[in-house]
Amino acid sequence: MYRSAVLGEVAQPVGDIGEEERQLATLMVDTLEKTGGQGLSAPQVGVSRRIIAVKLGNGVTSPIMIGVMINPEIIAREGSSASIEGCLSLPNGRKVEVTRSARIAVRYLTLSGEEATLELTGSDARVVQHEIDHLNGILIIDYAKEFNLDSKVVVVAIVIYAVALSVASGLYISNRMKERK
């Protein structure tokens, strides 16, 4: 969950794919199926390894399948698309608008160690980019616009601060004058 140190770290690349990596991938796929999420990274289950599990396909024109990608790397990007995203690692279903590439090509290793490349668009491209962000220690809240203030809010804040400062200064001066008498 959010604030776990492993979520803020760059995950370690996988060298040889052995039984440990296969067991981790199985755990991730099972977890993804149980949570109903679209993707899951190894750091989200507490392991600093460059492995993701993602649901691919929209379920209308093609069946939804869960794919495992080891050491995924985006090798091409095109266009941009903004959308609201959620994350299994964030409490209370917090959602953030994130702008991502509309089309990507991703190179990765399969569980059998074969190199593969996929070209993805739409929600498939979005979920893979989201999970690769996790591998790089980036959460969707890192994209949040923390200070989205309009000018009226800024003016009100300045007025409140100025009044509070005036009152505090007046009290300080008044107390100092009483001490001198």
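The values are calculated or read from the model by the stated rules, or taken from the named source; none is laboratory data. Since this is a predicted model, take the numbers as computed values, not measurements. Heads up, the Cβs are rebuilt from the backbone with ideal geometry, glycines too, and the neighbour counts pull from every protein chain shown.
Okay, here's what the table says:
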{"read-out": "Filter result for GLY37 (within 16 Å of the chain's Cα centre (by Cα) and in contact (Cβ under 8 Å) with a residue 24 or more places away in the chain)", "value": "yes"}
{"read-out": "Residues of region 78-102 satisfying the condition of being of a type in the set (Gly, Ala, Ser) and out of contact with any Gly (no Cβ under 9 Å at 6 or more places or on another chain)", "value": "GLY79, SER80, ALA82, SER83, SER89"}
{"read-out": "Strands (runs of 3 or more DSSP E) within region 87-149 that include 3 or more residues in contact with a strand residue (DSSP E or B) (Cβ under 8 Å, 6 or more places away or on another chain) and either among the aromatic types (Phe, Trp, Tyr) or under 27 Å from MET1 (Cα atoms) (or both)", "value": "96-100, 103-109"}
{"read-out": "Every pair of residues 6+ apart whose Cβ atoms lie under 9 Å, when the first sits in region 121-136 and is farther than 18 Å from LYS95 by Cα and in contact (Cβ under 8 Å) with a residue 60 or more places away in the chain while the second is assigned to a helix (DSSP H, G or I) and of a type outside the set (D, E, K, R)", "value": "LEU135/ALA42; LEU135/PRO43"}
{"read-out": "Candidates ALA11, ALA76, filtered to the one that is at pLDDT 90 or above, surrounded by 17 or more Cβ atoms within 10 Å (Cβ to Cβ), assigned by TED's automatic domain parsing to the domain that holds LEU109 and under 22 Å from ALA116 (Cβ atoms)", "value": "ALA11"}
{"read-out": "The lone exception for ARG100 - which of (1) modelled with pLDDT of 95 or more; (2) touching a His at 6+ places or on another chain (Cβ under 9 Å); (3) closer than 27 Å to GLN23 by Cβ it fails", "value": "(3)"}
{"read-out": "Pairs where the first residue, in region 1-16, is in a loop (DSSP other than H, G, I, E, B) and the second is surrounded by 10 or more Cβ atoms within 10 Å (Cβ to Cβ) and of a type in the set (Asp, Glu), C-beta under 7 Å, 6+ apart", "value": "VAL14/GLU21"}
{"read-out": "Residues within region 31-51 that are over 19 Å from SER123 (Cβ atoms) and in a loop (DSSP other than H, G, I, E, B), tallied", "value": "4"}
{"read-out": "Any hit, region 18-28, residues being in a loop (DSSP other than H, G, I, E, B) and closer than 25 Å to THR99 by Cα", "value": "no"}
{"read-out": "The one condition in (1) loosely packed, with under 15 Cβ neighbours inside 10 Å; (2) at pLDDT 90 or above; (3) not charged (D, E, K, R) that GLY86 fails to fulfil", "value": "(2)"}
